[in-house]
Each structure stands twice: as C-alpha cells, then as structure tokens.
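This report refers to the structure that appears directly beneath it.
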Amino acid sequence: MASHTGLQDGYSTTQWGPWKSHSLLLQTAISELGWSAQAQRAIRVFKAYSNSRAGFLNRDEFTQLNEQYRCCGQQYVPVFFDLFDRNQDGFLNESDFLGGMLAVSPHAPHQLDSAMGQLRMQFIFLYYDSNRNGKFEVDEIAKILEHLQQLAGQPTDGAEREAITLMSRYGEPFGFAFFFDAAQKGILKGTEKLLRTSRDITEVIQETEAVQAQVSQWGGYGRPQAAGHRSGVVHGNPSVIDAPGPGTFAEKARQDASRMQRSDPHSFYSSSAKSTELRVVRRLMELSNTPAMSWVA
C-alpha cells in the first residue's frame, strides 16, 4: 500500500477507503490551522510528565497530566488514553498525545475535506469500533446513532433498527470507508458534535500557568513542590507543580489576604493591589472548580 495512506500491507482499501497516516494528518492540520504555538505548548507539558520512559506517557502519567490541566471530567481520562493509544501498548508517544488532544478539542474544525476533519473522523471511528476489528457491528453503529440522536434531542428507541438499515444499504464489512461516506453524504448527521472535551487543553495549560505566575509574584503560591513530593512531578521544571485539591490555592490566598489586611490594612492593600489580588483569587476559584465535561461517551 502507498505509505501516505497509513495502511499496512494486507489492509483492504475497500474497507478502509480514505484512511490516511495519523502523523501526516496531524502535521498538515497544525500547518493549515496555524496551531504551532498550541502544539508546542502541549508537547512541552507532555515532556514534563514523561518520566518512566523518555518520549512516552504511561496511563498514570497521562492521568496526572489531566489532573493538573483539566479539560474533561476525570471519568473520561482512561477512555481517552485507550483511544489515543493506537497500537495498544500501554504508552502514548508525542504524536498519539498531540493528535488526540487536538482532535477532541472543542475548537477543532470538522470539515471532512480538511486534515483535522479527517483526523477527527478516524478517532471517532476508532472510539466506536470498541473491539478494534476495523469494522462496525450493528451494536456499534447503533451506539453512534443513539449518541447522535441524543445530541439532536431526538428519541433513541429506533437506533438499532436504523443501524440494521444502514448496514444493509452499504453491505459488509462496514469499515471506515462506509462510515466516512455516510458522514459525507449526510446520512450520518452531527458527527462534528461527537468526541469533544469541554475545554481545549492548550488553553487550560496557558491559563493555569499564567495564574500560577501571577500568584507567585505576590504570594508565592503555585511554585513547584520540593523534589520527591509526589511521583509525576518533574523536578526542576518551574512550569509543573503538584495538582492542588479543589480550592487549595484560593483558600490559602483568602486566608493570607485576610490575615495581612487585619495586621496592616495599608502596607499591602492599596485599592489597586487589592483589586488585582481579588481578580487572581476569583480566577483561582474558577480553575479549582472546573465542572466535568458533558461529551457523549
């Protein structure tokens, strides 16, 4: 097979159709969208958490990274790890991580004739192909239809019947080629809503680090923990800290602010400084209480 398709020898083009190389799609998508800065930000954090094996994240490291930079509910983190682990070896390389996190971003466009649109479709296919046999069974297509109907506010009781009808229309095996064609022709409507995080991880990284930097200027909160504090913390990397529990930063900031104001209300709390401090505390409270995502899974 041609190398640019991403198909290994023996794979049927009839079954896999327009499937393309993950790496090629990722590189093209970053270039087309002008997302170089976002990609660099994500890779920097990836490297910070890659401790057990250089250039890879294991399941625990991926979980720790997502605890620090929450873009989705924690119940979905293992789902994403399994999805991004394309060769199922228990590790994510940079391409796995970056391609996955960018593809499920709420900002990722879903035009099927674009690199990002195709990358998203390939991840969606892998997600719903629960047994990873390269084709959809009736129950897997029914699950897609059920989720699409839920997103559209429609009843879902006919999903299995519609799945059987769709399979009879295309025949078997119902692989990526048929799935992609059905989406292109509008037979499967709404695939752009599937498999999305509630927040873009690169934005969460940027905001979290900005808040930590701002807080450290006036209170020291957000500095890295001492070496050996917890596994998963990269020693000596100033941008990676232990993930606080809900309200940790905000509560400590409020306590110290109150104490300082009582002891000397004029030495630190000019109206300008107090206004800045309050804005930071509010932002910390927002980040500490980020709601769980509501994606379809």
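The values are calculated or read from the model by the stated rules, or taken from the named source; none is laboratory data. Bear in mind that the values here come from a model prediction, so they are computed numbers and not experimental data. Here the Cβ is made from the backbone with ideal geometry for all residues, glycine too, and neighbour counts use every protein chain on show. Just so you know, the surface numbers come from the protein's heavy atoms only, side chains and all, with ligands and any DNA or RNA stripped out. Shrake-Rupley method; radii C 1.70, N 1.55, O 1.52, S 1.80 Å.
Step by step: first the residues of segment 33-89, then only those that are under 12 Å from residue 202 (Cα atoms) and of a type in the set (Ser, Thr, Tyr), then the one that is most open to solvent (accessible area, probe 1.4 Å). Which residue is that? Filtering segment 33-89 for residues that are under 12 Å from residue 202 (Cα atoms) and of a type in the set (Ser, Thr, Tyr), the one most open to solvent (accessible area, probe 1.4 Å) comes out as 36. Considering the conditions (1) out of contact with any helix residue (DSSP H, G or I) (no Cβ under 6 Å at 6 or more places or on another chain); (2) open to solvent by less than 40 Å² (accessible area, probe 1.4 Å); (3) within 30 Å of residue 54 (Cβ to Cβ); (4) modelled with pLDDT under 50, residue 256 is excluded by exactly one of them, (3). Looking at 177, 210, just one residue is on the phi < 0 side of the Ramachandran plot, in a helix (DSSP H, G or I) and touching a Ser or Thr at 6+ places or on another chain (Cβ under 7 Å), and that residue is 177. For segment 84-113, residues that are charged (D, E, K, R), without any contact (Cβ under 8 Å) to a residue 60 or more places away in the chain and within 23 Å of residue 178 (Cα to Cα) total 1. Within segment 145-163, identify whether any single residue is among the acidic types (Asp, Glu) and assigned to a loop (DSSP other than H, G, I, E, B), and answer yes or no. Yes, segment 145-163 contains at least one residue that is among the acidic types (Asp, Glu) and assigned to a loop (DSSP other than H, G, I, E, B).
Residue count for segment 158-169 under the criterion of being under 30 Å from the mean Cα position of the chain (by Cα) and among the charged types (D, E, K, R): the result is 1.
Among the residues of segment 114-144, those that are free of Cβ contacts under 8 Å to residues at least 24 places away in the same chain and either open to solvent by less than 50 Å² (accessible area, probe 1.4 Å) or in contact with an Asp or Glu (Cβ under 7 Å, 6 or more places away or on another chain) (or both) comprise 117, 128, 129, 130, 140, 142. Filtering segment 68-83 to residues that are within 25 Å of residue 182 (Cβ to Cβ) and not aliphatic (A, V, I, L, M) leaves 80, 82.
What residue, among those in segment 145-182 that are in contact (Cβ under 8 Å) with a residue 12 or more places away in the chain and among the acidic types (Asp, Glu), is most open to solvent (accessible area, probe 1.4 Å)? The residue in question is 172.
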